[in-house]
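Below is one structure; the comments refer to it alone.
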Amino acid sequence: MDSARYSSVAVVLHWAIAILILCQIAGGFYMHNLPNTSPLKFDLYQLHKSFGLSILVLSLVRLGWRLGHRPPALPSAMAAWEKLAARAAHWGFYVLMIAAPLVGWAIVSVSPTDIPTKYFGFIPIPHLPLARGESAEEFFEEVHELLAYGILGLLALHVGAALKHRFFNKDHVFQSMSPSRFAQWAGVGGVIGALMMGAALYGLAPPLNANSGAAGVRAGAGETNWQVAYDQSTLKFIGEEKGRRFEGEFRNFHAEIIFFPDDLAASSIEVAVSTGSAATGDELRNTILPGEEWFDVKAHPEATFTSGSIRQTGDGAYEADGVLTIKGFEKDITLAFTLENDGDRAVAIGGADLIRTQFGLGTAASWLEEEEVQLGVRVEFEVHATRAD
Ligand code: HEM
Ligand code: HEM
């Protein structure tokens, strides 16, 4: 009755999902095989989760559309078993397109490392209510990988069949799913847009990623209006190893602080931390920290924080965006702190949550096993200062 083509909604969804899934599978294997020392790895996992969840939503929309619309009839020349095989393969795809991302979601939900999932870095996504555990994580990883191979296997049959229709049977089946001229251009535009977005997210576009701004320059050589009382101030890091919390301290750091509570635009914070001064309550840990695997003190004696903009978030509460550099890895972070200030003396208390592998800290496989050192590390400071201008 109707035309021999799929509706444009079905065609656009088919090709958008096909392209996304192929990139997702290639990206999945690529990120999985990256060495843990790669600073890209964490970001790629985050992107994989976001694109994967997008595929889940698109696939559900597509399934909904499909249930409400009849596909074009298959050519009457096809044998009954061929029609049955075609429909079975298509329903197989729907199952895999939905199961693969759900199982991916299950992996991150049961993973003992408990890394939050934020959709493209912005929208927090809850994890599925499943019990955490290493064996459950391994199980879902295995299933996730098998589902990806399942998609590739079915795709081989699917493309083979599509080409057979196109070149041997010469029927309408291939054309029924071919994009219109408009959709082709939209697809090319979409791919270019996605590549540009990916490049920006991966930090390949420094102008989009740069954060330093004028503040860093202004706070240069010794310029400061608050003098830090180092004997009263502390800079700590808190982590978890084998399920136990540990604390360490940087005994030696230097801060140049220009802070005007009523002129935040003219305020700035520069901190240099001597990585060799890190100490914990544990002898063994103290000997390991300066090594190449962790702070690599010889090559990178200093870690630095340079603020960009500082804003007030409440009564006596502030946030400073800035760049933290450890081992040469630069990342934008936000320090949240409260400030008690009686005019001449001030106490700032605050901190930030970091993912240590983003700074190349402890990236050998042995440190990444779930029962070893958690990826999330909290940095906390209490800085006492007196006004110096
Ligand atoms: C991972 C990639 C792909 C997935 C998941 C996928 C999935 C699907 C599904 C589920 C259908 C059935 C639509 C329905 O009736 O609701 C379909 C139809 C179709 N696909 Fe794909 N596809 C993929 C890649 C491709 C490629 C690369 C080609 C071309 C070489 C292709 C050509 C076709 C054609 C011609 C049809 C219509 C078949 C018919 O009416 O029986 N697909 N695809
Ligand atoms: C259609 C959607 C998806 C496809 C086709 C896909 C495909 C893949 C592939 C091929 C791998 C590499 C497997 C390996 O080498 O072991 C992988 C790994 C992974 N995927 Fe997905 N994925 C999808 C969606 C998701 C989603 C939505 C999430 C989480 C929200 C996710 C989380 C993960 C994780 C955590 C890994 C790493 C597992 C490991 O390191 O063994 N995936 N994915």
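For the range 19-57, the set of residues classified as over 30 Å from residue 362 (Cα atoms) and within 11 Å of ligand 2 (Cβ to nearest atom) consists of 20, 21, 22, 54, 55, 56, 57, listed by residue number.
Residue check: residue 244 meets all listed conditions (1) within 30 Å of residue 35 (Cβ to Cβ); (2) surrounded by 16 or more Cβ atoms within 10 Å (Cβ to Cβ) but one, namely (2). Check whether at least one residue in the range 178-187 is within 16 Å of ligand 1 (Cβ to nearest atom), without any contact (Cβ under 8 Å) to a residue 40 or more places away in the chain and surrounded by fewer than 14 Cβ atoms within 10 Å (Cβ to Cβ), and report yes or no. Yes. For the range 268-312, taking the residues that are part of a helix (DSSP H, G or I) and surrounded by 16 or more Cβ atoms within 10 Å (Cβ to Cβ), the one that is modelled with the lowest pLDDT is identified as 285. For the range 79-111, a residue qualifies if it is more than 22 Å from residue 49 (Cβ to Cβ), more than 8 Å from ligand 1 (Cβ to nearest atom) and among the aromatic types (Phe, Trp, Tyr), and exactly one does: 81. Scanning the range 99-109 finds no residues that are at pLDDT below 95, closer than 19 Å to residue 197 by Cα and either of a type in the set (Gly, Ala, Ser) or in contact with a helix residue (DSSP H, G or I) (Cβ under 8 Å, 6 or more places away or on another chain) (or both). Scanning the range 129-160 for residues that are at pLDDT below 95 and of a type in the set (A, V, I, L, M), we see that the one that is surrounded by the fewest Cβ atoms within 10 Å (Cβ to Cβ) is 131.
Remark: residue 131 falls outside the filter, which requires a residue to be on the phi < 0 side of the Ramachandran plot, more than 9 Å from ligand 2 (Cβ to nearest atom) and part of a helix (DSSP H, G or I). Could you check the range 102-116 and list, in sequence order, the residues that are in a loop (DSSP other than H, G, I, E, B) and in contact with a strand residue (DSSP E or B) (Cβ under 9 Å, 6 or more places away or on another chain)? Matches in the range 102-116: 113, 114, 115, 116. Based on this model, can you work out whether residue 110 counts as among the β-branched types (Val, Ile, Thr), over 21 Å from residue 171 (Cβ atoms) and more than 9 Å from ligand 2 (Cβ to nearest atom)? In short, yes.
To keep it simple, each residue is scored yes or no on (1) over 26 Å from residue 388 (Cα atoms); (2) more than 26 Å from the chain's Cα centre (by Cα); (3) not charged (D, E, K, R); (4) not assigned by TED's automatic domain parsing to the domain that holds residue 361.
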{"site": "287", "(1), (2), (3), (4)": "yes, yes, yes, no"}
{"site": "291", "(1), (2), (3), (4)": "yes, yes, yes, no"}
{"site": "304", "(1), (2), (3), (4)": "no, no, yes, no"}
{"site": "310", "(1), (2), (3), (4)": "no, no, yes, no"}
{"site": "313", "(1), (2), (3), (4)": "no, no, yes, no"}
{"site": "333", "(1), (2), (3), (4)": "yes, no, yes, no"}
{"site": "336", "(1), (2), (3), (4)": "no, no, yes, no"}
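Cβ-Cβ contacts under 7 Å between residues 6 or more apart (or on different chains), taken from a first residue in the range 66-78 that is over 16 Å from residue 161 (Cα atoms) and at pLDDT 90 or above to a second residue that is among the small types (Gly, Ala, Ser) and assigned to a loop (DSSP other than H, G, I, E, B), are listed as 69/7; 72/3; 72/4.
Out of the residues in the range 28-75 that are among the small types (Gly, Ala, Ser) and within 16 Å of ligand 1 (Cβ to nearest atom), state the one that is surrounded by the fewest Cβ atoms within 10 Å (Cβ to Cβ).
Pass one, the range 28-75, residues among the small types (Gly, Ala, Ser): 28, 38, 50, 52, 54, 59, 64, 68, 73.
Still in the list and also within 16 Å of ligand 1 (Cβ to nearest atom): 28, 52, 54, 59, 64, 68, 73.
Details: 28: 20, 52: 23, 54: 17, 59: 24, 64: 10, 68: 7, 73: 13.
Residue satisfying both the conditions and the ranking: 68.
If I ask for residues that are assigned to a loop (DSSP other than H, G, I, E, B) and surrounded by fewer than 20 Cβ atoms within 10 Å (Cβ to Cβ), which ones from the range 375-389 would you list? Once the filter is applied, which keeps residues that are assigned to a loop (DSSP other than H, G, I, E, B) and surrounded by fewer than 20 Cβ atoms within 10 Å (Cβ to Cβ), the range 375-389 yields 388, 389.
The values are calculated or read from the model by the stated rules, or taken from the named source; none is laboratory data. Bear in mind the structure is a predicted one, so any value in this text is a computation, not a measurement. Because the Cβ atoms are built from the backbone with ideal geometry, glycine has one as well, and the counts that use them run over all protein chains shown.
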